[in-house]
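Down below is the structure, laid out as structure tokens.
What follows is calculated from the coordinates using simple rules that are stated; it is not laboratory data. Everything numeric in this text was worked out from a predicted model, so none of it was measured.
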Amino acid sequence: MRGSLLADRYAQALRGAIADSALLEEASRVLNRLAALHTGNPDFRMAMENPVIEVAARRRLLDAVLEALAAPPEVTRLLHTMLERNRMAVLPQVASRFESHINEWLNRVEASVVTAVPMTPELETKLAHSLQQFSGKTVYLKCKVDPGIIGGLAVYMRGVFFDFSVRTRLERLKQKLLTEEMTHGN
């Protein structure tokens, strides 16, 4: 809980430091890339979190990564503060909370969509528009392909799961047939 509260405070502080709303997306991109590096690279994570390593050495490494990512100065200042206070362990949570806050501030919502084959851009646009009418928010899609659903699609948005996949329809039909067989077979 403490890490979550701390991450939320850092995310809010970054939002307060960014005057230009156009920089919100850029800040989120950098935080997400850095969080992915932190999560996916144990050596980087250890270097950022190990208090035995001098802050100056950790800062040089962090600055090299931030330069490669073309980080906005507000993100750099936030991460320097986190590094100096030995708070880099909450970096993935900060990135997640910041992205959630951006969605809230910009009145948008993410919808995770799973299809059996890649959707065409036209279909993505139509789906986003339909979901926007349903939610009253700007919808951006995160699409994933899973041939296992056979056809149709599944959508997860704001804690609600809509399953229109062929696989689920077949499973329901199978259950219905088994239930009927058991009631008529006796």
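To the nearest ten degrees, helix 2-17 and the longest principal axis of the Cα atoms of the chain are 70 degrees apart. Would you please give the residues with an amide H less than 5 Å from that of Gly152, counting only those at least 5 places away or on a separate chain, with H modeled from the backbone geometry? HN-HN under 5 Å from Gly152: Ala116, Val166. Seen against the Cα atoms of the chain and their longest principal axis, helix 22-40 is set at about 90 degrees.
The angle between the Cα long axis of helix 91-105 and the main principal axis of the chain comes to about 70°, on a 0 to 90 degree scale. Working note: Cα atoms of region 2-104, range along each principal axis, descending, whole Å: 38, 30, 22. Between the amide H of Asn86 and any residue lying 5 or more places away or on another chain, no distance stays under 5 Å, with hydrogens modeled in the peptide plane.
Note that region 54-66 has calculated 3J(HN,Hα) couplings of 4, 4, 4, 5, 5, 5, 4, 5, 4, 4, 5, 5, 5 Hz, one per residue in order, obtained from phi through the Karplus relation 6.51 cos²θ - 1.76 cosθ + 1.60 (θ = phi - 60°); glycine and proline are x. Residue by residue, region 106-119 carries 3J(HN,Hα) couplings of 9, 6, 9, 9, 8, 10, 8, 10, 10, 10, 6, 10, x, 7 Hz when phi is fed to the Karplus relation 6.51 cos²θ - 1.76 cosθ + 1.60 (θ = phi - 60°); x denotes Gly or Pro. Estimated from helical segments only, the mean residue ellipticity of the chain at 222 nm is -21000 deg cm²/dmol, where each DSSP H run of four or more residues counts as -39500 (n - 2.57). Rounded to the nearest Hz, the phi-derived 3J(HN,Hα) couplings of region 135-151 under the Karplus curve 6.51 cos²θ - 1.76 cosθ + 1.60 (θ = phi - 60°) are 8, x, 10, 5, 10, 10, 9, 10, 9, 9, 9, 9, x, x, 7, 6, x, where x marks glycine and proline.
Between the labelled values [x] -0.79, -1.18, -1.25, -1.40; [y] -0.65, -1.08, -1.14, -1.25; [z] -0.42, -1.05, -1.19, -1.46, the entry that holds log10 I(q)/I(0) by the Debye sum over Cα atoms at q = 0.11, 0.17, 0.18, 0.20 Å⁻¹ as derived from this structure is [y].
A Gaussian network model of the chain, with springs between Cα atoms under 10 Å, assigns the largest mean-square fluctuation among Arg77, Arg172, Arg15 to Arg172.
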